[in-house]
Amino acid sequence: MIRFESVTKRYDADGPVAVDNLSLVAPSGQITVFVGPSGCGKTTSLRMINRMIEPSSGTIWIDDVDTAKGSSSELRRGIGYVIQHAGLFPHRTILDNVATVPFLLGRDKREARKGAMELLERVGLDPAFATRYPAQLSGGQQQRVGVARALAADPPVMLMDEPFSAVDPIVREQLQNEFLRLQQDLGKTIVFVTHDIDEAIKLGDQVAVLRVGGRLAQMASPAELLARPADPFVAAFVGRDRGYRALGFTTAGTLDLDKGAAARLGTDLTAVRGSTADGWLLVVDDDDLPQGWINTLELTDEQLKGQITPDLLNLGGTLAHEGGSLREVLDAALSSPSGWGVVVDADGRLAGTITAEKVLTKIRQERSAAAAAGAGP
Amino acid sequence: MSQVWSYFQNHQSQIGQETWTTVWLAALPLLIGTLIALPVGWWASRTRWLYLPLITTAGILYTIPSIVLFVSMPGLIGTKILAPENVAIALTVYTFALMVRVSADAFGSVSGDAMSAAAAMGFTTRQRLFSVQLPIAVPVLGAGIRVAAVSNVSLVSVASTIGVAQLGSLFIEGNQNSDLHPIVLALILFVLLALVFDGLVLLGIRLLTPWQRAVTAR
Amino acid sequence: MTTRILADGTGLPSLSHVPTWLNDPTNWKGSNGIPTLVQQQLTYTAIAVVVALLIALPLGLAIGHTGRGSAAVGGVANAARAVPVLGLLLLLVVWLSPKIHTTSAIPGLVQRGGFPYFVPLIIVLILLAIPPILTNAYAGVQNVDPEVRDAARGMGMTGGEVVRKVELPCALPLIMSGVRSATLQVIATATIAAYVPLLGGLGSLIYSGDQSITDPRYGYPVMVSAGILVAALAVLVDLLLGGVQRLIVSPGLSGRRSRRTPTRGPVTALVGDATAGP
């Protein structure tokens, strides 16, 4: 684990304080996120862990070893370091970039390269990239290489400074999901810096919210942060829709699903019209995978003479999974054109539908159950 | 040092003449070479097939030592061996070779965004050149002209080895008489001239780029 | 004030003798033959560039890495361009050569009695070669992406390792550009240096041709032939160094996209090549 003990950083004797008397613990095997507005000292704090910046006062301990003792280079060789634009060495191949720290540690070159190849696959890169150069890769690909490089010497600790900020939202989400998956396998102690509260909530096991001037405002789990922000600053920083977002942390459990029949693609419309009161009908394919909704009351007489075809379908509405969060289920219900949220099982097959009212009932039940048990939220 | 000064005083008119020769031998090629290089470089920046051959040729020309150019001139254009025109023309070629590359790169480097915006607003090619490219390219061009100016001044002296009369002749004089004073004097004068040329070009750039002044004045 | 006065001030010098002279095999043999002169010139050049590299490269890398002393670098380049090399050379010749008394010779390099002139020459050549290499090494290191340097430090490289393993290889394109620039300048100056007696190199042909300029076969045509040879030498050496550059610079640095000038933009053109000549 990483422990900050009254760590302060000021740049001039009378100047502004970048980090003010910071004390916190980043638990082993977990992702601790430092988040806050610009000037809150999150990056400075991170960089003090591997002595890229030296603290003005206070101590940082990694597994009860004072980081200030000994050589900074040696300290860093045992810590994975990932930065915003990866900082890959342009003059080395991707493979040699990944193998940098093993080379530095004097490991056998062939072994190091073999390990690097495995890491490339682990971070989701085509092995063909190994002999290419950074200039030939896209931003997202470079970031993956950056992560692989940080993992190469299998360090117990990893420091990540806004690693996913420089890529577009789609790539960012992919990288975040893969990163979570990786961490599940590896269980490293990670300190992650971001300015994006949603990223902090999504990735962090613990979130430390810092305020301008380098002071810790709150350190808590994401659910706790959303449910009980410590003060107006944290509340404002965490942002709106807190209640809704907090639902993301509760699994739906058993749902009271309506298992009414759904129509198959290709069925004659004359057979099914009138089967529902409001005209809305869920359409599935032959494998029971939901395809969309149709409303028989809105079709023309011409269309009603034919069959259910894809072009007639309304594709609105998200899908919720049976083991998913309450947020997912509620969103499915709210976004559905018919008012019925579609829930699927692990294989994507239709499990049933549910209305928003039923989800809210469920939430209320959960609340009373939790209150009775004496635990939040 | 006082001996250097007295040398100067004793040969004032001659040195004055030679200084004047040096000045026009450096300045004229600078002006002509640059004036020709600017449009050619601009043209090369927008014509794909022209860029590489032009830059390569310019590179080769610049690689050739100046003494070779000085010496070849009589054979190429029929001037006399001692004629200062050889130096002027050779240095024009040199200035052109240097500036055409700077010019092509300077015009080529004006960001695509600025050019597209200008085109979308209805600027003609000529207007884009004068209103957008030229002002932005001026600092880079200016830096190139400064280099060319200073280089030309010192290159003129090379011609003294083949007898062309200019300030560099003082070097030859000093060598022949084993006298340090004319050499030191000429070195000082050359450096002074280079500084003056550099300063004049710098002044010109400042005058042409008022927005830079505004930025640095903040 | 002495001015060289040549008897033949009129008429076109004949160029038709140039190919004749170049093709005459006697000119390719012996201690004054073309190969010997080329070898001398190249040796002067190699010594000067290597010594300059040994001085300027570590210096430039150190200044670029630490960021200290950068003001000096800018000044050096500009100052170097403003000083006429001929003047510097003759200054040192007049000042130093009377003080050098050895009459030893280095075969193929320095003739008997040539040492007093060789020393000033080498000093000037080395001084000339230092600025392009120094400024380019500095610029090369400065141009390394700060994120790359941060990553290198963050992974646990010591300062020396960062310079050796990251900054130097990344600065190589600019450094090579500086070496090429320096080499061209040295070749050009070595050519002029042959004006000084007992110094070898192709330039001696130019000046001996100048001595007998009235001779239609051994005067001007020799000067022009020598000029062609020097030009060819300069271009060939530059091409060779370009090849070396292609070999030792990592392919990851050369810019695989179709940017027009991968390693040279206006700034590097000025820093790298504008110091070429005279």
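Filter segment A:317-338 down to the residues that are surrounded by fewer than 18 Cβ atoms within 10 Å (Cβ to Cβ) and touching a helix residue (DSSP H, G or I) at 6+ places or on another chain (Cβ under 7 Å), then identify the one that is farthest from A:Gln365 (Cα to Cα).
A:Thr318
When you check A:Ala153 against the structure, is it touching a residue at least 40 places away in the same chain (Cβ under 8 Å), in contact with a helix residue (DSSP H, G or I) (Cβ under 8 Å, 6 or more places away or on another chain), in a helix (DSSP H, G or I) and within 14 Å of chain C (Cβ to nearest Cβ), yes or no?
no
Answer with yes or no whether B:Ser109 is without any contact (Cβ under 8 Å) to a residue 12 or more places away in the chain and more than 19 Å from the chain's Cα centre (by Cα). If you could, list the steps in order and put the result at the bottom.
Values: without any contact (Cβ under 8 Å) to a residue 12 or more places away in the chain: no; more than 19 Å from the chain's Cα centre (by Cα): yes.
Here the answer is no, as B:Ser109 does not meet what is asked.
Would it be correct to say that A:Arg144 is surrounded by fewer than 19 Cβ atoms within 10 Å (Cβ to Cβ), more than 11 Å from every other protein chain (Cβ to nearest Cβ) and charged (D, E, K, R)?
Taking the combined requirement at face value, the residue does not satisfy it.
Consider only pairs whose beta carbons are under 9 Å apart and that are at least six residues apart or on different chains; among these, list those whose first residue lies in segment A:106-127 and is in contact (Cβ under 8 Å) with a residue 60 or more places away in the chain and within 19 Å of C:Met155 (Cβ to Cβ) and whose second residue is part of a helix (DSSP H, G or I) and of a type in the set (Asp, Glu).
A:Arg122/A:Asp185
Looking at (1) part of a helix (DSSP H, G or I); (2) out of contact with any Leu (no Cβ under 7 Å at 6 or more places or on another chain); (3) surrounded by fewer than 20 Cβ atoms within 10 Å (Cβ to Cβ); (4) not aromatic (Phe, Trp, Tyr), can you tell me which one A:Ala112 breaks?
(3)
I'd like the full set of residues that are outside any strand (DSSP E or B) and either in contact with a strand residue (DSSP E or B) (Cβ under 8 Å, 6 or more places away or on another chain) or surrounded by 22 or more Cβ atoms within 10 Å (Cβ to Cβ) (or both), limited to segment A:156-167.
Scanning segment A:156-167 gives A:Pro156, A:Glu162, A:Pro163, A:Phe164, A:Ser165.
Looking at segment A:270-325, which of its residues are touching a residue at least 40 places away in the same chain (Cβ under 8 Å) and in a helix (DSSP H, G or I)?
A:Pro310
Between residues in segment A:10-35 that are outside any strand (DSSP E or B) and residues that are polar (S, T, N, Q), which pairs lie under 8 Å by C-beta distance while being six or more apart or on different chains?
So the pair list comes out as A:Pro27/A:Thr189; A:Pro27/A:Gln206; A:Ser28/A:Thr189; A:Gly29/A:Thr189; A:Gln30/A:Thr189; A:Gln30/A:Gln206.
Considering segment C:195-215 alone, what residues qualify as being part of a helix (DSSP H, G or I), small (Gly, Ala, Ser) and surrounded by 21 or more Cβ atoms within 10 Å (Cβ to Cβ)? Break it down stepwise before answering.
Applying the first criterion (part of a helix (DSSP H, G or I)) to segment C:195-215 yields C:203-211.
Narrowing the set further to residues that are small (Gly, Ala, Ser) leaves C:203-204, C:208-209.
Passing the criteria: C:Gly203, C:Ser204, C:Gly209.
Out of the residues in segment B:64-89 that are of a type in the set (Gly, Ala, Ser) and touching a residue at least 40 places away in the same chain (Cβ under 8 Å), state the one that is surrounded by the most Cβ atoms within 10 Å (Cβ to Cβ).
B:Ser66
Could you list, in sequence order, all residues of segment A:88-101 that are of a type in the set (Val, Ile, Thr) and either surrounded by fewer than 24 Cβ atoms within 10 Å (Cβ to Cβ) or at the interface with chain C (Cβ under 7 Å from one of its Cβ atoms) (or both)?
First pass over segment A:88-101, keeping only residues of a type in the set (Val, Ile, Thr): A:93-94, A:98, A:100-101.
Passing the criteria: A:Thr93, A:Thr100, A:Val101.
At pLDDT 90 or above, assigned to a helix (DSSP H, G or I) and more than 9 Å from chain C (Cβ to nearest Cβ) - does that describe any residue in segment B:146-168?
Yes: one or more hits.
Residues are listed down the side, and each one gets a yes or a no for (1) touching a helix residue (DSSP H, G or I) at 6+ places or on another chain (Cβ under 8 Å); (2) among the β-branched types (Val, Ile, Thr); (3) farther than 30 Å from B:Leu69 by Cα; (4) assigned to a helix (DSSP H, G or I):
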| position | (1), (2), (3), (4) |
| --- | --- |
| B:Asp105 | yes, no, no, yes |
| B:Ala117 | no, no, yes, yes |
| B:Val132 | yes, yes, yes, yes |
| B:Leu141 | yes, no, no, yes |
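Please verify whether segment A:242-250 includes one or more residues that are under 20 Å from A:Ser338 (Cβ atoms) and buried (at least 17 other Cβ atoms within 10 Å of the Cβ).
Taking every residue of segment A:242-250 in turn, none turns out to be under 20 Å from A:Ser338 (Cβ atoms) and buried (at least 17 other Cβ atoms within 10 Å of the Cβ).
So which residues in segment A:4-53 are among the basic types (Lys, Arg) and either more than 17 Å from A:Phe192 (Cβ to Cβ) or more than 24 Å from the chain's Cα centre (by Cα) (or both)?
Within segment A:4-53, A:Lys9, A:Arg10, A:Arg51 meet the criteria.
For every residue, the table says whether it meets (1) free of Cβ contacts under 8 Å to residues at least 24 places away in the same chain; (2) assigned to a helix (DSSP H, G or I); (3) of a type outside the set (Val, Ile, Thr).
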{"site": "C:Thr45", "(1), (2), (3)": "no, yes, no"}
{"site": "C:Val50", "(1), (2), (3)": "yes, yes, no"}
{"site": "C:Leu61", "(1), (2), (3)": "no, yes, yes"}
{"site": "C:Ala77", "(1), (2), (3)": "no, yes, yes"}
{"site": "C:Ala80", "(1), (2), (3)": "no, yes, yes"}
{"site": "C:Gly87", "(1), (2), (3)": "yes, yes, yes"}
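Are there any pairs, at least 6 apart or on different chains, whose C-beta atoms fall under 6 Å, with the first in segment B:140-163 and more than 16 Å from B:Leu193 (Cα to Cα) and the second among the charged types (D, E, K, R) and in a helix (DSSP H, G or I), and if so, which?
Cβ pairs passing all conditions: B:Ile162/C:Asp210.
Give me the pairs: first residue in segment C:126-142 and farther than 14 Å from C:Thr45 by Cα, second residue charged (D, E, K, R), beta-carbon distance under 7 Å, and six or more apart or on different chains, which are they?
From residues that are farther than 14 Å from C:Thr45 by Cα, the pairs are C:Val141/C:Glu167.
Can you tell me which residues in segment A:74-87 are within 7 Å of chain C (Cβ to nearest Cβ) and not in a helix (DSSP H, G or I)?
Within segment A:74-87, A:Tyr81, A:Ile83, A:His85, A:Gly87 meet the criteria.
If you check every pair at least six apart or on different chains, which have Cβ atoms under 7 Å apart with a residue in segment C:229-242 that is at the interface with chain B (Cβ under 7 Å from one of its Cβ atoms) first and a residue that is buried (at least 20 other Cβ atoms within 10 Å of the Cβ) and not in a helix (DSSP H, G or I) second?
Qualifying pairs under 7 Å: C:Val230/B:Pro65; C:Val230/C:Leu202; C:Ala231/B:Ile64; C:Ala234/B:Ile64; C:Ala234/B:Pro65.
Inspect all residues belonging to segment A:358-375 and state whether any of them is part of a loop (DSSP other than H, G, I, E, B), at pLDDT below 80 and not aliphatic (A, V, I, L, M).
yes
Can you find even one residue in segment C:261-277 that is modelled with pLDDT under 80, facing another protein chain (nearest Cβ under 7 Å) and at positive phi? It would help to see each step written out before you state the result.
From segment C:261-277, those modelled with pLDDT under 80 are C:261-277; that's our starting set.
Still in the running and facing another protein chain (nearest Cβ under 7 Å): C:261, C:265-266, C:269-270, C:273-274, C:276-277.
Retained after the next criterion (residues that are at positive phi): C:277.
Scanning segment C:261-277 turns up at least one residue that is modelled with pLDDT under 80, facing another protein chain (nearest Cβ under 7 Å) and at positive phi.
Among the residues of segment B:79-87, is any more than 26 Å from B:Ile205 (Cα to Cα) and among the charged types (D, E, K, R)?
Within segment B:79-87 (the criterion being more than 26 Å from B:Ile205 (Cα to Cα) and among the charged types (D, E, K, R)), the answer is yes, since at least one residue qualifies.
Can you find even one residue in segment C:36-53 that is among the small types (Gly, Ala, Ser) and modelled with pLDDT under 90?
Keep residues of segment C:36-53 that are among the small types (Gly, Ala, Ser), which gives C:46, C:48, C:52.
Next cut, modelled with pLDDT under 90 only: none.
No: zero hits.
Any idea which residue in segment A:40-53 is farthest from A:Arg215 (Cα to Cα), counting only those that are part of a loop (DSSP other than H, G, I, E, B) and in contact with a strand residue (DSSP E or B) (Cβ under 8 Å, 6 or more places away or on another chain)?
Only one residue fits best here, namely A:Asn50.
In the list C:Leu96, C:Leu61, C:Leu92, C:Leu134, which residue meets the criterion of being away from chain A (no Cβ under 14 Å), surrounded by 14 or more Cβ atoms within 10 Å (Cβ to Cβ) and within 16 Å of the chain's Cα centre (by Cα)?
C:Leu134
The values are calculated or read from the model by the stated rules, or taken from the named source; none is laboratory data. From a predicted model like this one, the values you see are computed outputs, not experimental measurements. Virtual Cβ from ideal backbone geometry, glycine too; neighbours counted across all protein chains shown.
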